[in-house]
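Structure provided below as structure tokens; questions to follow.
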Amino acid sequence: MLALLLALAAPATAEPPPAPPSAPPPAPAPPDTTEFVPGLFRSYSAVPGLVTAGQPQESLFVRLQESGYRTIVDLRPPGELRGLDEPRAARAARLRYVNVPITGATLGDRDFARVRKLLRDPKRRPLVIHCATGNRVGATLIPFLILDQGRTPEEAMAIAERGGLRSEPMRQKALDYVRREAAKRDR
């Protein structure tokens, strides 16, 4: 008890004691998610055959196809600037191109259902699903991970955030969709 009182009474500027020499080294940093597919912005994979990413550069399409990828799923609306003709670049690389145009304002149940259907289709894998930064991709992954992959909401959130999800409103839309779909299953 006296030791506790003395510790509490110590000045706030006191240096913490040095770590004992036998302390284990710090854990290594998690792998850089931009390196899952080198050169593909914010690329990440938590599901075999499925890579999430930000906007691919045109030079990557041929490399993706040569690496065995089959499909590009683009969540950006056609009017959103990309700096390339993505459907043409995908076709030139012999990749399937699917556009599911989503914005934070338009994201809804049909979008979640369509993305889930695409992600469940083994004929489309391996695939890359992307938007500009990974934010929309992360939101659309949540229902797939929970409803189709059996992940917990906590696991799904961690994966979505690692893939780029930052928008709380989109996260909430995804969770609301999951609740509605789960309620349908329980009937």
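If you stretched the chain out fully between Glu161 and Val62, how much longer would it get, using 0.36 nm times the residue separation minus the C-alpha to C-alpha distance?
32.8 nm
Further question on the same structure: At 10 °C and 1.306 mPa s, grab the translational diffusion coefficient of segment 128-179 from Stokes-Einstein with a Kirkwood Rh over Cα pairs, rounded to a whole number in µm² per second.
For these conditions, the coefficient is 152 µm²/s.
Let me ask something additional. Given axes a ≥ b ≥ c from the Cα gyration tensor, I'd like to know whether segment 57-187 is rounded (a/c under 1.5), prolate (a/b larger than b/c) or oblate.
Since a/c reaches 1.5 and a/b is larger than b/c, the shape of segment 57-187 is classed as prolate.
Which percent of the accessible area of segment 103-161 is formed by carbon and sulfur heavy atoms (probe 1.4 angstrom)?
Heavy-atom surface of segment 103-161 belonging to carbon and sulfur, 1.4 Å probe: 52 percent.
What does the extension gain come out to for Arg70 and Asn99, with contour length at 0.36 nm per residue minus their alpha carbon separation?
Extra length from Arg70 to Asn99 when fully extended: 9.0 nm.
Run the quick spin-label model on Thr106 and Arg185: label points 7 Å from Cα toward the beta carbon, then report their separation in nm to one decimal.
For the pair Thr106/Arg185, the computed spacing is 2.9 nm.
Got a sec to turn the phi values of segment 91-104 into Karplus ³J(HN,Hα) couplings, 6.51 cos²θ - 1.76 cosθ + 1.60 with θ = phi - 60°, whole Hz, x for Gly and Pro?
4, 4, 8, 6, 10, 6, 10, 10, 10, 10, x, 10, 10, x
The values are calculated or read from the model by the stated rules, or taken from the named source; none is laboratory data. Predicted, not measured: the structure shown is a model, and the values here were computed from it. Because the Cβ atoms are built from the backbone with ideal geometry, glycine has one as well, and the counts that use them run over all protein chains shown. In case anyone asks, the SASA skips ligands and DNA or RNA and just uses the protein heavy atoms, side chains included. Shrake-Rupley method; radii C 1.70, N 1.55, O 1.52, S 1.80 Å.
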